[in-house]
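A.B. asks: I have a structure I would like to understand better, so I am pasting it below and will then ask my questions one at a time.
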Amino acid sequence: MQSANDFLRSQGAWLRHALRFLKHYILCHFQKNRWIPLDAPAISVENTSVCNSRCVFCPNGLMERPRQQMKMDVFTKAVDEAIQMGSTDIDLFVTIGDPLLDPHLLERGHYIRQFPQVRDVGFNTTLQWLHLFNLDEFFGSGFTWVHVSTVLCGRESYRNFFGVDKYDQMLANLVTLLEENNRRSKPINVEIGIKPTPERRDEILSHPDFKRVQTLTDQDLAAQVRREDFFVCDWGGSVQLPSYLHRMPLWPRRHRPCYRLFQGLMLFSNGKVGACACRDFEATSELILGSVEENSLAEMWHGKQLQQIRADWRTGKKIPDVCRKCRSYDPRAVIKEHCN
């Protein structure tokens, strides 16, 4: 049963979300050229759709499309076309999957970083499988950032959130990564994302594993734990959230397309290309623009289908179904930094 303090905390968090949304909604209304897409889109590549975890707020267990690695010829074709378009932002941001379960991960990192215009490349991971790679090869592959999603308050808490008993393996990999990164003068920006769990904040902050990891990073993990508001996306209603998590608000969006439609493209592991990397976990929505095996990225980015999706949303004629239910909707202008 929710305590009075928990209730007040959740209401305060909801209010903060609302105020932040209003700020972006109002300020970005006056942003010049806010409906003009980037000439060179950011590219997110789902190098694999394979993931062993079953996180409490992820639809991985519901996904029906094949779990596969992206073929290398498809990958290189997409990267080459992105480079030709002038893209400087190419990362391995998966919709579903853990990049470390891709045996070609390091090869992909090398391939992207051979192009000087791409300054940063990285990926999100649970870090459960880092031990599969040689550390010298990993640090030499060109990755500049790694975001680690984890829990640092014990094996049971980790198993309850991630659905797998891999806490000890993850922790050993995380400590190894941080220690080795520090020894090499931090060539990789390792960012740790503490996931929301029902444990009390003081339990998390006092846990020996949390304290150990905090000594190895400059990131203020304690501040992250203290400001956790337990609001998450439910993937269009597909995921039944545990009682301690709250669905992010479903904000109004008529006539205000999400900035993601103007910012970049998503390449799924099966070669399909979408207009958003956000919540289309089956890669079957109306945001799918084609296949990189059959079409060029330039054709899809500048093509009539995506132009029509943007125009229909702006005029109020139609909002894509997957976008209407998306709780990660963002009203900011395409150049997000302008409206932070």
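Please treat every number below as a calculation from the coordinates, not as lab data. Quantities reported herein were computed from a predicted structural model and do not represent experimental measurements. In this analysis, Cβ positions are derived from the backbone assuming ideal geometry, glycine residues included, and neighbour counts consider all displayed protein chains.
A.B. asks: Could you sort the peptides 70-81, 120-131 by per-residue average Cβ neighbour count (10 Å cutoff), highest mean leading?
C.D. replies: So the order, starting with the most tightly packed, is 120-131, 70-81.
A.B. asks: Now, a different point. Which residue, Arg227, Arg260, Arg159, tops the fluctuation ranking in a GNM of the chain built on C-alpha contacts under 10 Å?
C.D. replies: Looking only at Arg227, Arg260, Arg159, the largest GNM fluctuation is found for Arg227.
A.B. asks: Between Gln169 and Leu250, what is the label-point separation in nm under the 7 Å Cα-to-beta-carbon projection?
C.D. replies: 3.8 nm
A.B. asks: What is the extension gain from Thr284 to Trp145, computed as 0.36 nm multiplied by their sequence separation minus the C-alpha to C-alpha distance, in nm to one decimal?
C.D. replies: That works out to 47.1 nm of additional length.
A.B. asks: Relative contact order for region 108-196 using alpha-carbon pairs under 8 Å, separation at least 6, rounded to a whole percent?
C.D. replies: On the way: 108 pairs, mean separation 29.4, N = 89.
Worked out over region 108-196, it gives 33 percent.
A.B. asks: Using Cα pairs closer than 8 Å and at least 6 residues apart in sequence, work out the relative contact order for region 44-186, in percent.
C.D. replies: 25 percent
A.B. asks: Determine the calculated [θ] at 222 nm for the chain from helices alone, applying -39500 (n - 2.57) to every DSSP H run no shorter than 4 residues and normalising by the residue count; nearest 500 deg cm²/dmol.
C.D. replies: Mean residue ellipticity at 222 nm (helix-derived): -10500 deg cm²/dmol.
A.B. asks: Quickly rank 34-43, 98-107 as a protection proxy: mean count of other C-beta atoms within 10 Å, highest first. Present the calculation step by step, with values, prior to reporting the outcome.
C.D. replies: Numbers: 34-43: 18.0, 98-107: 20.0.
Highest-to-lowest ranking by the protection proxy: 98-107, 34-43.
A.B. asks: Pop the C-beta distance of Leu38 and Glu107 into the FRET formula with R0 = 30 Å and round what comes out to the nearest 0.05.
C.D. replies: Working: r = 28 Å, r/R0 = 0.92.
In this case the efficiency is close to 0.60.
A.B. asks: Oh, and also: Over the chain, what is the mean sequence separation of C-alpha contacts under 8 Å (at least six apart), divided by residue count, expressed as relative contact order in percent?
C.D. replies: 23 percent
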